[in-house]
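Notes follow the structure.
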Amino acid sequence: MGCKQVNNHAGELNDAAGLPQQLHFEQLGLKVITSMINKKAATMSTLYGNVTALNYAKAQKDSPVGDRVFALVTWKQQNDERWFGAKIPGQFQSIEMVTSKTNGHTLYKIYSGKGKWRNNALTENARIKYILAQTAAVMP
């Protein structure tokens with residue numbers, strides 16, 4: 001009886017979770033602030049931010065120095081083929097951007113893969129409040 005070799009997908013990238021190229025997300029130079037899972041919606045999200053946003057999320061108090069940029073990226077969950085029971089990011093769902101200026105003006109926009117950024121006046125204030133309320137994960 002021979003052994004069957006199973007492909008463990010080592011070294012492969014998760015292409016399903018890739019962000020749209022036209023967003024040039026990696027050029028923003030944002031840092032991971034925290035992550036979250038919504039079991040009901042079967043999604044997972046990562047909150048990114050510039051250094052000022054990261055410091056704000058760590059201290060949870062207003063900092064008059066610099067502008068804050070937050071980006072909440074959301075994916076559908078998918079099963080991890082390499083680890084039984086684990087979930088990993090699947091299909092890209094959206095990016096929500098919150099830009100908070102030192103003058104107190106806060107902007108919100110969302111990109112959900114339809115080729116353009118949009119605003120949603122009905123949920124904008126609630127989403128801004130939710131994103132700004134996130135605290136930074138404890139990292140070494």
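What is the extension gain from Lys129 to Met36, computed as 0.36 nm multiplied by their sequence separation minus the C-alpha to C-alpha distance, in nm to one decimal? That pair, Lys129 and Met36, stretches by 31.9 nm at full extension. Peptide packing for 108-117, 128-137 was compared via the average number of neighbouring C-beta atoms within 10 Å per residue; ordered from the highest value, the list is 128-137, 108-117.
The residue among Val73, Asn103, Gly113 whose Cα reaches farthest toward the positive pole of the charge dipole of the range 52-140, with charges on the beta-carbon of Lys, Arg, Asp and Glu, is Gly113.
The chain gives an Rg/Rh value of 1.05, both radii derived from C-alpha positions and Rh following Kirkwood.
Here the dipole of the chain is about 380 debye; that uses its Cα centre as origin and unit charges on the Cβ of Lys and Arg (positive) and Asp and Glu (negative). Just flag the GluC sites (Glu not before Pro) in the range 28-133 sitting in loop per DSSP whose Cβ has no more than 14 other Cβ atoms within 10 Å. In loop regions of the range 28-133 (DSSP not H, G, I, E or B), the sparsely surrounded GluC sites (Glu not before Pro) are Glu81. Counting every other Cβ atom within 10 Å of each residue's Cβ, Leu72, Leu47 order from fewest to most as Leu72, Leu47.
Bear in mind these aren't lab numbers, they're just calculated from the coordinates by the rules spelled out. Every value quoted in this text rests on a predicted model; they were computed, and no experiment measured them. Positions of Cβ are generated from backbone atoms using ideal geometry, with glycine treated the same way; all protein chains shown enter the neighbour counts.
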